[in-house]
Amino acid sequence: MVGVSFPRSRGLYPLDPSMQDDASIRAPFSVSFEHRVFFTRGAFEPANSLLADCLDPTRDLADAVGGAAAEARVAFVLDAGLVNKRPSLPDEAVAYAEAHEAVRLAHPPMVVPGGEIAKNEPTILQSVLQMIETSHLCRRSYLIAVGGGALLDLAGYAASIAHRGIRLVRLPSTTLAQDDSGVGVKNGINAFGKKNFLGAFAVPHAVINDADLLATLSARDWRSGFSEAVKVALVKDAGFFEQIERAAASIAERDAEAAQLIIRRSAELHLRHITEGGDPFELTEARPLDFGHWSAHKLEQLSGYELRHGEAVAIGVALDSVYSSLAGDLTAPEADRVLAVLRALGFELDHPLLDDPRLLDGLEEFREHLGGGLTISLLNSIGDARDAHEIDPAVVRLAIERLRGTTRA
Ligand SMILES: NC(=O)c1ccc[n+]([C@@H]2O[C@H](COP(=O)([O-])OP(=O)(O)OC[C@H]3O[C@@H](n4cnc5c(N)ncnc54)[C@H](O)[C@@H]3O)[C@@H](O)[C@H]2O)c1
Ligand SMILES: [Zn+2]
């Protein structure tokens, strides 16, 4: 064998196979996961056993010694925005645990601020970690997070780092969290002024999408999730895009049944991408589910998080669709359909921050966050995306002008 030989005593791990000698140990391994997303209504009604059934009871040492029945130790983290609108929720969680003997509350339900502040304010993370510590949750216990995407990202991050990972059950309470973020395997908080700078990939123990949790959403948070549905349709499924076109007006009028069909299909497409796309932990550069997100993340940040993620995604998806048509792939009428469906859902596609020269910094920040070379998804056609490795700032500016022209027409 040609090459450097590594000293046996140090046990070094050569990266180049030609450098391998007898001292090297290589042992590829794989770990199998099951990603479970359930759909229900009234998840906190005592008669609904779905949540309890999701928990695997484990006998902790004290139980084993005392011979008590196996129980799951759980702690709830609830989104304050949701609790403000549904003040009975903490009591409902307690009553649910009391009604299911296999569910043992390790701590009274904890209510923490929802929205982006949950990811921006480090003391909130600290308080969740503190609760995990004082209630002695272990790797076989459950953190049950109920809230919007931001609260779920925060709680998921806390769960993923406490004891290097305690079990997480998510009950997403916004349309965006039910049709996209809550279904994912990413958790994280913002730091150093950058979105999701700290985070971890971790597969949740279970996700429960309770349609009734959406009843209290504001108009803008109701709307926000559907830009992610449009996004996933654009990169994966032309038929689904047409379905959203047909449902858009009903969804804008808050037709819960029409919305459920879209939320469910969007969640399924996101889940299938994770479980079948071959790259659940995003080791490669291609990131189709981040279509429209390079500018969206920057717009959110530049707006001081006044813009909701879903609102920024609507603008970003519109921008990259127009860019795709200017770059010669997507046809102009197809780009117009994208803008039309977003507007029919009620999204505003213009924003003063589109003029901010810092917008283009979003490209480099996006590249750095994902690693490797710049890889941006663009559309060949509705339902078919491709990777682009260069974005022309002049064409971005032209796309913004076109977007403006169309928006204001
Ligand atoms: N982890 C991922 O893969 C992933 C993917 C997409 C987005 N995200 C993240 O998700 C976040 C956005 O999530 P979001 O759109 O759900 O918004 P959000 O979590 O910011 O919530 C918006 C507002 O709605 C309130 N709220 C939540 N549920 C409610 C309910 N049922 N009734 C009334 N008010 C309620 C919240 O308190 C908050 O004020 C962003 O931080 C984004 O980066 C994460
Ligand atoms: Zn998103």
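We did not get these values from a lab; they are worked out from the coordinates using the rules stated. Note that this is a predicted model, so its numbers are computed, not measured. All Cβ positions, glycine included, derive from the backbone under ideal geometry; neighbour counts span all protein chains shown.
Quick notes on this structure:
- Note on the range 273-353: Rg/Rh from Cα positions, Kirkwood definition for Rh, rounded to two decimals, is 1.02.
- Dipole of the range 37-216, positive direction: furthest Cα of PHE44, ALA80, LEU154, with charges on the beta-carbon: LEU154
- The range 241-248 - phi-based ³J(HN,Hα) in whole Hz, Karplus 6.51/-1.76/1.60, Gly and Pro as x: 4, 5, 4, 5, 4, 5, 8, 4
- Estimated distance in nm for a label pair at ARG36 and THR134, the labels positioned 7 Å out from Cα along Cα-to-Cβ: 3.1 nm
- Across the options LEU283, GLN126, ALA247, the greatest Cα extent toward the positive end of the charge dipole of the chain (unit charges at beta carbon of Lys, Arg, Asp, Glu) belongs to GLN126.
- Ranking of ARG223, ARG343, ARG41 by count of other Cβ atoms within 10 Å, fewest first: ARG41, ARG343, ARG223
- Cα lying deepest toward the dipole's positive end in the chain, options SER324, MET110, ILE274, charges on Cβ: MET110
- Under the criterion of Cα pairs below 8 Å and six or more residues apart, the relative contact order for the chain equals 12 percent.
- Student exercise, the range 70-139 dipole from Lys, Arg, Asp, Glu Cβ charges, in Debye to nearest 20: 120 debye
- Estimated from helices alone, the mean residue ellipticity of the chain at 222 nm is -13500 deg cm²/dmol (sum of -39500 (n - 2.57) over DSSP H runs with n ≥ 4, per residue).
- Considering only beta bridges that DSSP places wholly inside the chain, some 30 percent are antiparallel.
- Under 5 Å, built H, 5+ apart or other chain: amide partners of GLY114: ALA80, GLY81
- Highest average packing first - 285-295, 105-115, Cβ atoms within 10 Å: 285-295, 105-115
- Percent of C-alpha pairs per 10 Å bin, the range 37-216, short to long: 11, 41, 37, 10, 1, 0
- Three-way shape label, the chain, alpha-carbon gyration tensor, a/c 1.5: oblate
- Peptide packing: for 309-315, 389-395, the average count of neighbouring Cβ atoms within 10 Å per residue gives the ranking 309-315, 389-395, highest mean first.
- Whether the range 298-409 is rounded, prolate or oblate, judged on the alpha carbon gyration tensor where a/c under 1.5 counts as rounded: oblate
- Estimated dipole of the range 37-216 in Debye, rounded to 20 [Cβ of Lys and Arg +1, of Asp and Glu -1, Cα centre]: 600 debye
- In order along the range 323-339, the Karplus-derived 3J(HN,Hα) couplings, from 6.51 cos²θ - 1.76 cosθ + 1.60 at θ = phi - 60°, round to 4, 4, 6, 6, 6, x, 9, 5, 7, 4, x, 5, 4, 4, 5, 4, 5 Hz, and Gly and Pro are given as x.
- Cβ charges +1 (Lys, Arg) and -1 (Asp, Glu), total dipole of the chain, debye: 500 debye
- Net charge, GLY42 excluded, C-beta distance under 9 Å - Lys, Arg +1, Asp, Glu -1: -2
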